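Trainee: Here you go, one structure.
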Amino acid sequence: SRPGGARPKRAEPQADAVTDGDWEEKVLKSDLPVLVDFWAPWCGPCRMIAPLVDELAEEYKGKLKAVKLNTDESPAVATEYGIRSIPTVMIFKNGKKMDTVIGAVPKQTLAQTIDKYIDE
């Protein structure tokens, strides 16, 4: 643990990173629905959506898992799911792709999409 309580400013949990290597484990085999944020470091709009994904990860804690996939570092998954433009957010449930939201959309749009796949 960090000495003297020198905690980072951002105490809230952030979405977990996922890669080609652990994609199956973290996303396809997840018991919970998974929101996947496909992004890349050079993508401006991706930076707008990233904090929203973190907020949703916190708000839907226990009901939804949120992960981020860097398409530069993990091109195989992005190619497999036909990601052509980023940011793209996909919802997976029981190992299947359920929905896709393309572009930097408002948080409300993402929340409404998530709500369709969460067990009440």
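The values are calculated or read from the model by the stated rules, or taken from the named source; none is laboratory data. Predicted model, so just to flag it, every value in this text is computed and none were measured. All Cβ positions, even for glycine, are placed from backbone atoms using ideal geometry, and neighbour counts span all protein chains on display. Please note that ligands, DNA and RNA were not included when accessible areas were found on the heavy atoms of the full protein model with its side chains. Shrake-Rupley method; radii C 1.70, N 1.55, O 1.52, S 1.80 Å.
Trainee: Give V101, V77 a once-over and let me know the one that is in contact with a helix residue (DSSP H, G or I) (Cβ under 6 Å, 6 or more places away or on another chain), open to solvent by less than 50 Å² (accessible area, probe 1.4 Å), closer than 20 Å to E25 by Cα and not acidic (D, E).
Mentor: Numbers: V101 fails: closer than 20 Å to E25 by Cα.
V77 is the lone residue from the list that is in contact with a helix residue (DSSP H, G or I) (Cβ under 6 Å, 6 or more places away or on another chain), open to solvent by less than 50 Å² (accessible area, probe 1.4 Å), closer than 20 Å to E25 by Cα and not acidic (D, E).
Trainee: Does region 55-83 hold any residues that are part of a loop (DSSP other than H, G, I, E, B) and among the acidic types (D, E), and which are they?
Mentor: Answer for region 55-83, where residues must be part of a loop (DSSP other than H, G, I, E, B) and among the acidic types (D, E): D72, E73.
Trainee: Taking region 7-30 as the region of interest, how many residues are modelled with pLDDT of 95 or more and part of a loop (DSSP other than H, G, I, E, B)?
Mentor: Result for region 7-30: 6.
Trainee: I need the full set of residues from region 82-98 which are of a type outside the set (K, R) and crowded, with 17+ Cβ neighbours inside 10 Å, in order please.
Mentor: I83, I86, P87, T88, V89, M90, I91, F92
Yes or no, residue by residue, for (1) buried (at least 20 other Cβ atoms within 10 Å of the Cβ); (2) within 15 Å of I118 (Cβ to Cβ); (3) in contact with a strand residue (DSSP E or B) (Cβ under 7 Å, 6 or more places away or on another chain):
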site	(1), (2), (3)
A40	no, no, yes
C46	yes, no, yes
K61	no, yes, no
K68	yes, no, yes
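Trainee: Now, a different point. Scan (1) touching a strand residue (DSSP E or B) at 6+ places or on another chain (Cβ under 7 Å); (2) part of a loop (DSSP other than H, G, I, E, B) for the single condition A50 breaks and write down its number.
Mentor: (2)
Trainee: Within region 84-105, which residues are within 17 Å of R47 (Cβ to Cβ) and either in contact (Cβ under 8 Å) with a residue 40 or more places away in the chain or in a strand (DSSP E or B) (or both)?
Mentor: I86, P87, T88, V89, V101, I102, G103, A104, V105
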